Amino acid sequence: MAKKTGVEPVCFRDRFFCFESGDGMSKTWRPATQLVHNGTLRSQFGETSEAIYLTQGFVYDTSEAAEARFKGETDGFIYARYGSPTNDMFEKRMCALEGAEDARATASGMAAVSAAILCQLKAGDHIVAARALFGSCRWVVETLAPKYGIECTLVDGRFTENWEKAIRPNTKVFFLESPTNPTLEVVDIAAVAKLANQIGAKVVVDNVFATPLFQKPLELGAHIVVYSATKHIDGQGRSLGGVILSDKQWIDENLQDYFRHTGPAMSPFTAWTLLKGIETLPLRVAQQTANASKVADFLAEQTNKVARVIYPGRKDHPQADIIAKQMSGGSTLVAFELKGGKEAAFKLQNALEIVKISNNLGDSKSLITHPATTTHKNLTDEARAELGISPGTVRFSAGIEDGADLVEDFARALEQVSA
Ligand SMILES: Cc1ncc(COP(=O)(O)O)c(C=O)c1O
């Protein structure tokens, strides 16, 4: 065995494999260090890059060992639907980043959102959710949950009093996204958590837009955090994945059986790509945020063509006070509204050279989308208007390119847009 970790190594017939978890670390290092090392399970071959364990099952030395594993008397994996070494490394690294006790990696962000919400509810329960949600998340609470007898009230989540007014005796879950997709509204997470604690409800936060670097919902009092790891965590446009993080008790009592028996698990190959992604997360997000900020400032100066810019890193964000209270950085995303409506938005998008048209976000490549005709096209005109999505609204997801090039690309493309 290599260095001592203080963590019990998981061994299986040490002539074949003997893992050491924790990557030989003697203490809890700062986040950027943990994102490269935490959770590592290194085999006897001493690989530098984490191994991908593409296995469905695990073998046992003896029948007694199998029985003991199933009884929970010994540590180790049983079946990849509910636990495997590469996923375990990814989950542990996410826990270190989020300050969570436990996590489960899922096949997509939507698998994480739906599992986190549905695993803890039954017919007769009530959800209060922010109305500004990613379309599929809104479908889960507004359309799917009611099919199973779970009631749902959507509120304008920017104002805490709306959450309070929506509470019913059967309210069990509050669900929100902050900042929101695409108009970057924020919800006061600590205030909503306080309300939830008063009635014994749980707060589930979709933290995709903030990233785990700029906002820590668990520290703000939320109970469960979910991610689409497809976005910044992969950050390179390769893998679809998700993760649910919470305290161990909540996972054991609510998620564990749901996860085991409904099977939303991530593939080990995906877990490996995300482990690699997470190593560079702080570097990418810092560059993306600097680029987003530069583009936001540039667009805000183009007052003849741009009606408004919404960027959590700018002082003129309508909820700058809440952002200062709960976020430690701006955002990799910028929303802005062109005076010329849909025609101007399409012209701008078509004229951009570096920035690609795509509904994805969080990628190392800069991406732009027109929410009214893509991500939010299924909403009614009225619902879009409520969310501040107009025909001229555009969402920009900054990549890691040179910021000066991105500003130049926007300047050039804006010339094609009439005032
Ligand atoms: C805020 C938010 N939550 C959840 C999801 C769903 O993630 P996935 O595409 O990984 O299922 C998305 C996808 O865009 C999103 O933007």
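Restricting to the range 126-137, and then to whatever is touching a residue at least 40 places away in the same chain (Cβ under 8 Å) and not aliphatic (A, V, I, L, M), can you tell me which residue is nearest to the ligand (Cβ to nearest atom)? Full working, then the answer.
Of the residues in the range 126-137, the ones touching a residue at least 40 places away in the same chain (Cβ under 8 Å) are 126-135, 137.
When the remaining residues are screened for being not aliphatic (A, V, I, L, M), the result is 126, 131, 134-135, 137.
On the way: H126: 22, R131: 14, F134: 4, G135: 8, C137: 5 Å.
Within the range 126-137, the match that is nearest to the ligand (Cβ to nearest atom) is F134.
Any residue in the range 175-191 that is within 16 Å of the ligand (Cβ to nearest atom) and assigned to a helix (DSSP H, G or I)?
yes
Do you know which residues across the range 400-419 are small (G, A, S) and open to solvent by less than 30 Å² (accessible area, probe 1.4 Å)? Steps first, answer last, please.
So the first thing to find is which residues in the range 400-419 are small (G, A, S), and the list is 403-404, 411, 413, 418-419.
G403, A413, listed by residue number.
Conditions (1) more than 27 Å from the chain's Cα centre (by Cα); (2) closer than 19 Å to N207 by Cα; (3) among the aliphatic types (A, V, I, L, M), marked per residue:
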position: L283; (1), (2), (3): no, yes, yes
position: T289; (1), (2), (3): no, yes, no
position: K325; (1), (2), (3): no, yes, no
position: S328; (1), (2), (3): no, yes, no
position: V334; (1), (2), (3): no, yes, yes
position: Q349; (1), (2), (3): no, no, no
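If you scan the range 88-102, which residues turn out to be of a type in the set (A, V, I, L, M) and either over 13 Å from the mean Cα position of the chain (by Cα) or away from the ligand (no atom under 16 Å from the Cβ) (or both)?
Step one: filter the range 88-102 for residues of a type in the set (A, V, I, L, M), giving 89, 94, 96-97, 100.
Within the range 88-102, M89, A96, L97, A100 qualify.
Restricting attention to the range 28-60, and to residues there that are among the small types (G, A, S) and either more than 20 Å from T74 (Cβ to Cβ) or within 27 Å of the chain's Cα centre (by Cα) (or both), which single residue is surrounded by the fewest Cβ atoms within 10 Å (Cβ to Cβ)?
Filtering first and then ranking leaves G46.
So which residues in the range 115-152 are open to solvent by less than 30 Å² (accessible area, probe 1.4 Å) and hydroxyl-bearing (S, T, Y), if there are any at all?
none
Please name all residue pairs, on different chains or six or more residues apart, with Cβ atoms under 9 Å, provided the first residue is in the range 316-339 and is free of Cβ contacts under 8 Å to residues at least 12 places away in the same chain and the second residue is among the polar types (S, T, N, Q).
none
Okay, residues lined up against (1) within 16 Å of the ligand (Cβ to nearest atom); (2) in the same structural domain as L35 (by TED's automatic domain parsing); (3) free of Cβ contacts under 8 Å to residues at least 12 places away in the same chain:
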residue	(1), (2), (3)
L220	no, yes, no
H223	no, yes, no
G241	yes, yes, no
W250	no, yes, no
L255	no, yes, no
Q287	no, no, no
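Residues in the range 330-350: is at least one surrounded by 20 or more Cβ atoms within 10 Å (Cβ to Cβ), in a helix (DSSP H, G or I) and small (G, A, S)?
Looking through the range 330-350, at least one residue is surrounded by 20 or more Cβ atoms within 10 Å (Cβ to Cβ), in a helix (DSSP H, G or I) and small (G, A, S).
Where in the range 32-132 are there helices (runs of 4 or more DSSP H), lying wholly inside it, with at least 2 residues that are within 30 Å of A166 (Cα to Cα) and out of contact with any helix residue (DSSP H, G or I) (no Cβ under 6 Å at 6 or more places or on another chain)?
Values: elements: 63-71, 85-98, 109-118.
In the range 32-132, the matching helices (runs of 4 or more DSSP H) lie at 109-118.
May I ask you to verify whether C152 is assigned to a helix (DSSP H, G or I) and either in the same structural domain as G241 (by TED's automatic domain parsing) or away from the ligand (no atom under 16 Å from the Cβ) (or both)?
It is false that C152 is assigned to a helix (DSSP H, G or I) and either in the same structural domain as G241 (by TED's automatic domain parsing) or away from the ligand (no atom under 16 Å from the Cβ) (or both).
Has the range 377-399 got at least one residue that is under 26 Å from N207 (Cβ atoms), among the polar types (S, T, N, Q), open to solvent by 10 Å² or more (accessible area, probe 1.4 Å) and at pLDDT 95 or above?
Taking every residue of the range 377-399 in turn, none turns out to be under 26 Å from N207 (Cβ atoms), among the polar types (S, T, N, Q), open to solvent by 10 Å² or more (accessible area, probe 1.4 Å) and at pLDDT 95 or above.
For the range 202-238, enumerate the residues that are surrounded by 22 or more Cβ atoms within 10 Å (Cβ to Cβ) and among the small types (G, A, S).
A210, A222, S228, A229, G235
Within the range 155-174, can you find the residues that are open to solvent by 10 Å² or more (accessible area, probe 1.4 Å) and in a loop (DSSP other than H, G, I, E, B)?
Hits for the range 155-174 are D156, R158, F159, A166, I167, R168, P169, N170.
The values are calculated or read from the model by the stated rules, or taken from the named source; none is laboratory data. Small disclaimer: the values here were computed from a predicted structure and weren't measured. Ideal geometry is used to build each Cβ from the backbone, glycine not excepted, and the neighbour counts take in all protein chains shown. SASA here: full protein model, heavy atoms, side chains in, ligands and nucleic acids out. Shrake-Rupley method; radii C 1.70, N 1.55, O 1.52, S 1.80 Å.
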